[in-house]
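Chemist: I am attaching a structure below and will ask some questions about it afterwards.
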Amino acid sequence: MNPCYQTQASESSAKSIKTCRKAGFYLYICAEEVTFNDKTNMNRRIRTFFSRVAATVRSTPAESLLIVFFLVYGFLMVADLLHEDQSEAASYLWLYPFGFTLAYILNCLLPAGAVRWVYYLSPLLLAPFFRLDVESWIGEPSFLTALGLCPVAVLLCRWRKDNASFVGDAVHYARNALFAFGLAGIAHLLVMAIYYSLRYIFPALPLGDENKVMEYLAVLFYIGVMPLVFLTFDRGQHGDYAPVRIVDILVNYVLTPALLIYTVILYAYFIKITATWSLPEGGIAYMVFAFTIIAVVVKAYLPLMGKRTLEWFYGRFSLVSLPALAMFWIGVGRRIGE
């Protein structure tokens, strides 16, 4: 071989190797930067979310006070610390929508000025009703009429004169209420799924009385979370929360954290059965199947989202899900064998 050609080939190979090393280094740096950016964006979005909730509490102090009061009241009722008669204690929870409606209307009518103190003191107007027999009133036509007038009063409090604005407000409130109920309901179901999964695969854990835990969760999500989510949505202008954005919020702040927690639970169970050298329970197949289907659907939806949280989790889901899939097929085989 020509020595000159051999020298040129060696130099070319050395340059290629150097270029590959540089490219690999740059790819490594880019990968690290992407991971860092994902974590930074996630932290920033979490801070943004909590700042919005804090801003909502600051702009609706009376409504927020009522949420906290009835949330604590509900917890005490579930813990049997209020009345000997549980039905009587539960009847006072029906004062919640009336007090919340009154505070919301006064907040709209008295946004500022010297008379705003009436709004701040509005939660105290419920105090005398706790001395009355509310239980006997529930179910009466007057009670049902008063309850039905609450959304009507909220709709009329803005004094819209033209039909377009009035209908726009109606759609705005109905949509926000529906989205708040939907998000709270889905979050409630996911937490229930996590709780029952823990009870099934880790029966030795002290997870409390099942019925009491379900009651606590219902109070938390439908007395605490749902009204707060409604107020947070209501702070925006009409039309700000389009359905696509609601799905983004559902994916980023409800489904993704639930999937992450569920992943930790499945890995803990995988470590347990590996350490004890035992087979997984047959029902684990259903849990892994639901977990995988939800994660795959969310991963498929990610390209349509404007803001994404924990992209690294979905990007590596094929590897993350391997232990769960192994337990799935073992669980299927065991279920078939049973």
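Here, each number is a calculation from the coordinates, and none is a lab measurement. Just so it is clear, the model here is predicted, and its values are computed rather than measured. No Cβ is skipped: glycine too gets one built from the backbone with ideal geometry, and neighbour counts run over all protein chains shown.
Chemist: Dividing the convex hull volume of the Cα atoms of segment 243-306 by its residue count, what figure in Å³ per residue is obtained?
Modeler: Numbers: hull volume 5.1 nm³, N = 64.
Cα convex hull per residue, to the nearest whole number: 80 Å³.
Chemist: Further question: Suppose R0 equals 41 Å; then what is the FRET efficiency for GLU215 and VAL171 from their Cβ-Cβ distance, rounded to the nearest 0.05? Kindly include the intermediate steps, with their values, before the conclusion.
Modeler: Numbers: r = 34 Å, r/R0 = 0.83.
FRET efficiency, GLU215 to VAL171: 0.75.
Chemist: How far apart, in nm, are the 7 Å Cα→Cβ label points at ALA114 and LEU155?
Modeler: Calculated label separation equals 3.6 nm.
Chemist: Moving on to the next point. Tell me the label-point distance for the pair GLU135, ASN163, using the 7 Å Cα-to-Cβ offset, in nm and rounded to one decimal.
Modeler: Calculated label separation equals 4.9 nm.
Chemist: Length gain on complete extension for the stretch PHE50 to LEU302, per 0.36 nm per residue less the alpha carbon to alpha carbon distance?
Modeler: Working: separation 252, 0.36 × 252 = 90.72 nm, distance 2.26 nm.
Separation in residues times 0.36 nm, less the Cα-Cα distance, equals 88.5 nm.
Chemist: Can you tell me which of 95-107, 69-81 comes out highest on packing, and rank the rest after it, using the mean Cβ neighbours within 10 Å? Mind showing how you got there, number by number?
Modeler: Numbers: 95-107: 20.4, 69-81: 16.5.
Packing proxy ranking, top to bottom: 95-107, 69-81.
Chemist: Among THR263, ILE186, TYR222, pick out the residue whose Cα is farthest towards the positive end of the charge dipole of segment 180-302, where Lys and Arg carry +1 and Asp and Glu carry -1 on C-beta, about the Cα centre.
Modeler: Farthest towards the positive end: THR263.
Chemist: Could you work out how much longer the chain between THR292 and SER142 gets when fully extended? Use 0.36 nm per residue separation minus the Cα distance between them, nm to one decimal. Write down the numbers at each step before the final one.
Modeler: On the way: separation 150, 0.36 × 150 = 54.00 nm, distance 4.95 nm.
Result for the pair: 49.0 nm of gain on full extension.
Chemist: Can you tell me the FRET efficiency between THR276 and HIS83 if r is taken as the Cβ-Cβ distance and R0 is 41 Å, rounded to the nearest 0.05? Let's see the in-between values first.
Modeler: On the way: r = 47 Å, r/R0 = 1.14.
Calculated value: 0.30.
Chemist: Follow-up question, since we're still on this one. From the backbone phi of segment 88-100, what are the Karplus-calculated ³J(HN,Hα) couplings (6.51 cos²θ - 1.76 cosθ + 1.60, θ = phi - 60°) in whole Hz, Gly and Pro given as x?
Modeler: Working through the residues one at a time gives 5, 5, 5, 5, 6, 5, 6, 6, 4, x, 5, x, 5 Hz.
Chemist: Which of the chymotrypsin sites (Phe, Trp or Tyr not before Pro) across segment 216-325 are loop residues per DSSP, with 14 or fewer other Cβ within 10 Å?
Modeler: Passing sites in segment 216-325 are TRP277.
Chemist: Tell me whether segment 86-188 comes out rounded, prolate or oblate; compute the Cα gyration tensor, take square roots of the eigenvalues as a ≥ b ≥ c, and use a/c under 1.5 as the rounded threshold. Please list the in-between numbers first.
Modeler: Working: a/c = 1.78, a/b = 1.28, b/c = 1.39.
Here segment 86-188 falls in the oblate category.
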